[in-house]
1. List pairs: first residue in the stretch 33-54 and in the same structural domain as Gln163 (by TED's automatic domain parsing), second residue crowded, with 20+ Cβ neighbours inside 10 Å and among the basic types (Lys, Arg) anywhere in the structure, Cβ distance under 7 angstrom, at least six positions apart or on different chains.
2. Please go through the stretch 2-35 and give me each residue that is in contact with a helix residue (DSSP H, G or I) (Cβ under 9 Å, 6 or more places away or on another chain) and outside any strand (DSSP E or B), ordered by number.
3. Give the residue, chosen from Leu256, Leu263, Leu241, that is more than 16 Å from ligand 2 (Cβ to nearest atom) and either under 17 Å from Leu320 (Cα atoms) or in contact with an Asp or Glu (Cβ under 9 Å, 6 or more places away or on another chain) (or both).
4. Can you confirm whether Ala253 is surrounded by 17 or more Cβ atoms within 10 Å (Cβ to Cβ), assigned to a loop (DSSP other than H, G, I, E, B) and within 16 Å of ligand 1 (Cβ to nearest atom)?
5. Is it true that some residue in the stretch 294-304 is β-branched (Val, Ile, Thr) and surrounded by fewer than 24 Cβ atoms within 10 Å (Cβ to Cβ)?
6. Of the numbered conditions (1) at pLDDT below 90; (2) within 13 Å of ligand 1 (Cβ to nearest atom); (3) among the hydroxyl-bearing types (Ser, Thr, Tyr), Ser204 fails exactly one; give the number of that condition.
Amino acid sequence: MAFARTCSVALVGVEGVVVEVQADLEPGVAAFTLVGLPDKSLTESRDRVRAAVVNSGAEWPQKKLTVGLSPASVPKAGSGFDLAVACAVLGAAERIDPRVLADIVMIGELGLDGRVRPVRGILPAVLAAADAGYEQVVVPECAAAEAALVPGVSVLGVRSLRQLIAVLAEEPVPEEAPDELGRPDPLLAGLRVPGTGAATGMHSIGAAQHDVDHDLADVVGQTSARTAVEVAAAGGHHLFLEGPPGAGKTMLAERLPAVLPRLAREESLEVTAVHSVAGLLPPGKPLIDVAPYCAPHHSATMQSLVGGGPGVARPGAVSLAHRGVLFLDRACKTSGMKGLAGSAGRQCGAPRGLYGSLAACETSRARRYADGPGAP
Ligand SMILES: Nc1ncnc2c1ncn2[C@@H]1O[C@H](COP(=O)(O)OP(=O)(O)OP(=O)(O)O)[C@@H](O)[C@H]1O
Ligand SMILES: [Mg+2]
């Protein structure tokens with residue numbers, strides 16, 4: 001029987017669902033069919049996987065090949081299934097022992113040369129695998145630290161399909177040069193598009209650095225405003241800041257994360273999972289353990305605030321501020337505000353969205369007076 005199966009994970013918002021990847025080889029005209037509700041990028045994995053297998057020195061089976069992703073009812077998107085598909089095919093072709101593959105969860109995109117590339121959402125995917133009782137996961141080497149945050153799971157980080165084949169076949173593991181240092185990560189480059197990244201302040205999540213740079217002690221005077229910030233931090237309340245231009249409203253809001261307690265372990269994993277799905281985890285820092293701060297520009301669209309998009313929905317500013325501070329500067333002018341009230345957090349599956357974060361809004365009294373017809 002030319003059949004093998006292994007596992008991978010489909011993301012639904014920030015939750016993962018373990019997917020069984022089955023490969024079946026039958027005599028017949030060489031063909032490759034992928035079934036089980038794949039999206040366009042996953043359908044394209046047929047070509048990536050074939051090229052990666054051949055360029056890794058393994059033989060591509062010249063038979064009728066069917067790969068099925070189960071449960072078929074869960075929509076599957078993205079390129080993170082490549083590694084599992086390649087190994088299932090090699091298992092069916094008996095290049096790898098199919099029994100070794102059955103209980104391993106594999107997450108990673110394959111380059112045509114066989115290199116294993118990172119994908120968004122490694123942490124929630126590994127959390128889902130652990131919840132489902134799997135104990136072994138294979139991930140891209142650069143995401144191994146992120147995957148290793150999940151307790152009870154043994155993580156293997158690989159640089160290439162060639163290395164993984166060698167490990168699974170118990171052969172000597174070939175050396176692979178690491179990715180060139182300093183080269184921008186295409187994964188992140190694609191996400192930091194104008195309008196959702198730098199321009200909206202969603203890049204400023206480096207909460208640890210933020211903590212160091214912004215201290216409430218910098219604020220001179222403003223005793224009652226500082227007390228209000230402390231009370232909001234202690235009780236997890238929303239805060240509305242109003243005052244003339246230059247009064248220090250932004251300054252106070254920026255210092256709100258500094259007086260919030262460090263995140264508990266569970267909270268850290270939640271926040272890190274959201275950032276992982278957004279592809280915004282700072283390099284070399286797999287765990288976010290301080291309250292995030294997100295300050296979208298007032299021109300930010302509703303989509304960039306509440307998240308969404310085709311395939312795996314991307315978290316918006318509301319979800320990125322989960323367990324931290326969402327600062328809506330010039331809130332009355334924020335064009336996407338209408339969408340916040342009802343749908344916050346739900347579109348991208350964030351556990352609590354807006355309701356899990358402190359919202360600091362600011363408005364300028366002077367501007368309101370200038371705008372209002374009966375301004376005093
Ligand atoms: N209480 C204060 N202590 C120290 N510096 C202050 C204080 N208030 C204002 N500043 C200084 O003034 C600058 C402008 O403050 P900030 O941007 O917070 O004002 P704002 O109320 O947000 O103004 P706007 O309504 O124009 O947005 C700050 O960067 C800071 O240098
Ligand atoms: Mg301001």
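1. Taking only residues 6 or more apart or on different chains, the pairs are Gly36/Lys76; Leu37/Lys76; Pro38/Lys76; Asp39/Lys76; Leu42/Lys76.
2. Ala2, Gly13, Val14
3. Of the residues listed, the single one that is more than 16 Å from ligand 2 (Cβ to nearest atom) and either under 17 Å from Leu320 (Cα atoms) or in contact with an Asp or Glu (Cβ under 9 Å, 6 or more places away or on another chain) (or both) is Leu263.
4. Spelling it out, it is not the case that Ala253 is surrounded by 17 or more Cβ atoms within 10 Å (Cβ to Cβ), assigned to a loop (DSSP other than H, G, I, E, B) and within 16 Å of ligand 1 (Cβ to nearest atom).
5. yes
6. Every condition holds for Ser204 apart from (2).
The values are calculated or read from the model by the stated rules, or taken from the named source; none is laboratory data. Given the structure is predicted, the values throughout are model-derived calculations rather than measurements. Please note: Cβ atoms are built from the backbone with ideal geometry, for glycine as well, and neighbour counts cover all protein chains shown.
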